[in-house]
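The values are calculated or read from the model by the stated rules, or taken from the named source; none is laboratory data. This is a predicted model, so every value here is computed, not measured. Every residue, glycine as well, gets a Cβ built from its backbone with ideal geometry; the counts of neighbours run over all protein chains shown. All accessible areas refer to the heavy atoms of the entire protein, side chains included, with ligands and DNA or RNA removed. Shrake-Rupley method; radii C 1.70, N 1.55, O 1.52, S 1.80 Å.
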Amino acid sequence: MEAITVGQYNLVYNIFSFTFACMFATFIFLVLSRSNVAPRYRGALTMSALVVIVAGYHYFRIFESWAGAFVIDGTSISVTGEPFNDAYRYIDWALTVPLLVAELVAVLGLARKEAGKLTFSLGFAALLMVILGYPGEIADSTTTRLIWGTLSTIPFVYILYVLFSQLGDTINAQTGEVKTLLKNARLLILATWGFYPIVYLLPVILPSTSGSTIVALQVGYAIADILAKAGYGILIYNIAKQKSEQLPEWNAVGVEAAPAAGD
Ligand SMILES: *C/C=C(C)/C=C/C=C(C)/C=C/C1=C(C)CCCC1(C)C
């Protein structure tokens, strides 16, 4: 671990702590809001809740690892010799990224067979993307980083292709606000997921061992994670809620339950 300033250390420390809080708060929200959606869409909420709790746990570990890698003495900072563990982040992605695509498929409400196939191919591509990125992330050489990064981009492009071409008809067949929300979810995936390869390239563009590069990488990934997991989870919840309201049987339940809601 290279030398960083106390200010840089504190910035990353606070961002990790904030990210942990966001994931945890979103988890509580999703668990408490379960009864607002019809049973058939609760699977999507379960997956959203799993994503944020798994990510929250890993952020806690990342946070501890960061704190353990440095010692602060007044205004000076030095390394303890215990390395900052970057593997937590990739283990987290390997678990959560396939779940994120499964959430989207679950909320589409497709026929079981079609949904299963789509979840499998998207989930597998997502896992492959993360696995292929890791050797490059931990490599010191720029060439190695670029080779693995390029390989990882292949399943990434495949996922975007499926979302924007193959799923286009399914999304266009939805009605009202659901259609807009699904398009937003897809755009949020494009915008937030597209951020990761850019952050990954920072050590190639900037001086790779400087403190600011390390800080930019950690802060960049943390912000992307908040948007791609917590922000996206809330969007999925909204889609599930709107879709539930389109179900006649769910509306009937809602009307009956209405008087009781006041007490
Ligand atoms: C919650 C975590 C998410 C949504 C992580 C997404 C990660 C990516 C889309 C990563 C993509 C990468 C490439 C396309 C090439 C370079 C290596 C990666 C793994 C950073």
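Data overview
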| item | result |
| --- | --- |
| Carbon plus sulfur fraction of accessible area for the chain, probe 1.4 Å, in percent | 66 percent |
| Net length gained if the chain between residue 114 and residue 5 were fully extended (0.36 nm per residue, minus Cα distance) | 34.0 nm |
| Accessible area, probe 1.4 Å, largest first, for residues 19, 153 | 153, 19 |
| Three-way shape call for the chain based on the alpha-carbon gyration tensor, with the a/c threshold at 1.5 | oblate |
| Per residue value of the accessible surface for the range 174-216 (all protein chains in place, 1.4 Å probe), Å² | 48 Å² |
| Given 179/243; 117/243; 179/241; 117/179, the pairs whose alpha carbons are separated by over 20 Å | 117/243; 117/179 |
| Surface accessible to a 1.4 Å probe, residue 217 within the full protein complex, Å² | 20 Å² |
| Point-charge dipole on Cβ atoms (K/R +1, D/E -1) for the chain, about Cα centre, debye to 20 | 760 debye |
| Residues of the range 1-139: accessible area per residue with a 1.4 Å probe, Å² | 48 Å² |
| Lys/Arg +1, Asp/Glu -1 at C-beta; the range 99-193 dipole; positive extreme among 173, 130, 188 | 173 |
| Calculated from backbone phi, Karplus (6.51, -1.76, 1.60) coupling profile of the range 156-164 in Hz, x at Gly/Pro | 4, 5, 4, 4, 5, 4, 4, 4, 9 |
